[in-house]
1. Return the FRET efficiency for the residue pair TYR53, ALA25: r is the Cβ-Cβ distance, R0 is 41 Å, and the value is rounded to the nearest 0.05.
2. For the stretch 151-307, what number results from the quotient of the Cα radius of gyration and 2.2 N^0.38 Å?
3. Once Rg and Dmax of the Cα atoms in Å is worked out from the coordinates, which option in (i) 24.7, 78; (ii) 22.1, 91; (iii) 21.3, 67 does it equal?
4. Take each of the peptides 127-135, 49-57, 263-271, average the number of other beta-carbon atoms within 10 Å over its residues, and list them starting from the highest.
5. What ranking do 360-372, 32-44 get when scored by the average of other Cβ atoms within 10 Å per residue, highest first?
6. In whole percent, and with a 1.4 Å probe on the protein chains, what portion of the accessible area of the chain is carbon and sulfur?
7. Among 193-204, 294-305, how do they line up by average Cβ neighbours within 10 Å per residue, starting with the highest?
8. Using a Gaussian network model on the chain with a 10 Å cutoff between Cα atoms, which of HIS118, HIS15, HIS61 fluctuates the most?
Amino acid sequence: MNSDRSKDTTSFAAHMRRTVKYLRAFLTWIIAGVILGVIGGGVGGAFSLAVKYATAYRTAHPMIIWLLPLGGLIISLLYHASGWRPTDTNGVLLAIHQPKGISFSTGPIIFASASISHLLGASVGREGAALQLGGVLGYGLVRVADVRREDSEGVIMCGMSAVFAALFGTPLAAAFFAIEVASVGLVKYGAIIPCMTSSFTAVRIARLMGAGGDFFPISDAMPFVGGDILAVVAVAACAGLVSILYCVSLRQGEKLIDRFMPNYFIRAAVGGLLIAMLTEVIGTRYNGAGMAVIEEAVQNGVALPQDFIVKLIFTVISVSAGFKGGEIVPAMFIGSTLGCVLAPLLGLDPSLGAAVGLLSMFCGSLNCPVSSILLGAELFGAANLYFFAIACAVSYMLSANFGLYKEQMIIYSKLKAQEIDIFTD
């Protein structure tokens, strides 16, 4: 009897110690999330406003496109001054996989170079800069607070989700994207509390600054019937295959320009000049992130048949030449316009087709099905969530082992329950 009581007492004490341990960790992560949410929300809000005003100025002064070669040279000089150690999104993902320093001084360079790229009309997005800025902030907190090695990846993810959420106004998608993107098939739920805390805090801060996110509601729920389901599967399959073309084109474009134009200054000037000349011939529709075109496709069901391929070409040239900002929003442009054009051919509402194409391209390029579904609910409303989920599942499978980021690791196969541990193609 005494022995049993002793075991019970010990067991109860052990349970209490574990409970206190979890409570302490919970409070610590909440504090870290709030800190990074406030800082990340401020940085993300400022960057969102910078891109907004840069885009407005470029739209009002289209001839500024001819300064793009000069802008490319300035960006190259900024990175050259930092010692040619640019912190791209691959560098942030690498810091999650293994301990690796991220220079805090590159934060202002990322901010400035992405703003210049948008001001002068390079075909780039915003999220790459957001993830990089968030990674820089997270790693800065790791160093300042002397965070333990095993907790550092959670802090870096926390920073990424904060700036991403501030920029897009999608806290759920941002939180899950940060914990899902580094390792495909292995969601690091241990970081869910800090990432959720930082995301919601950052969105609030950004809105107080007047930097609201994007929202293109599709309020009408489309009938969940066989014909529409098959049409959604077809659009998602096409977008998944186009995501492979997009990822391969970006990587091959960078390899080719490395081979034939190894000098960063020359490639920036030539690439900027080429984009300016193409813009003179085609028009300004494909410059910058292209959020206006995405909105037109989703809300009005209007897109041009050539939109997706022309945007792809503009983006490959811009990114390969060294312009900064990211590749995800251009991928959304490609997916939304592709889906908008394909939908009527399949008997599907073009607005729904645009939304499905956007999410499928996002998921196929980044291999993040959960955050893609949540992104659909936050961008377009939840009325057609079943269609969004089916589309993301299809594009996730059909995009195979391809991805935008070479440091993204595929832990588990998409075909079966097998650990493969390979980097994306």
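The values are calculated or read from the model by the stated rules, or taken from the named source; none is laboratory data. Note that this is a predicted model, so its numbers are computed, not measured. Note that each Cβ is placed from the backbone with ideal geometry, even for glycine, and that neighbours are counted across all protein chains shown. Just so you know, the surface numbers come from the protein's heavy atoms only, side chains and all, with ligands and any DNA or RNA stripped out. Shrake-Rupley method; radii C 1.70, N 1.55, O 1.52, S 1.80 Å.
1. Values: r = 41 Å, r/R0 = 1.00.
Using R0 = 41 Å, I get an efficiency of 0.50.
2. 1.33
3. Here the calculated entry is (ii).
4. Highest to lowest by the protection proxy: 127-135, 263-271, 49-57.
5. Descending mean neighbour count gives 360-372, 32-44.
6. Of the solvent-accessible surface of the chain, carbon and sulfur hold 66 percent.
7. Numbers: 193-204: 27.2, 294-305: 19.1.
Those peptides, ordered most packed to least, come out 193-204, 294-305.
8. Greatest mean-square fluctuation among the candidates belongs to HIS15.
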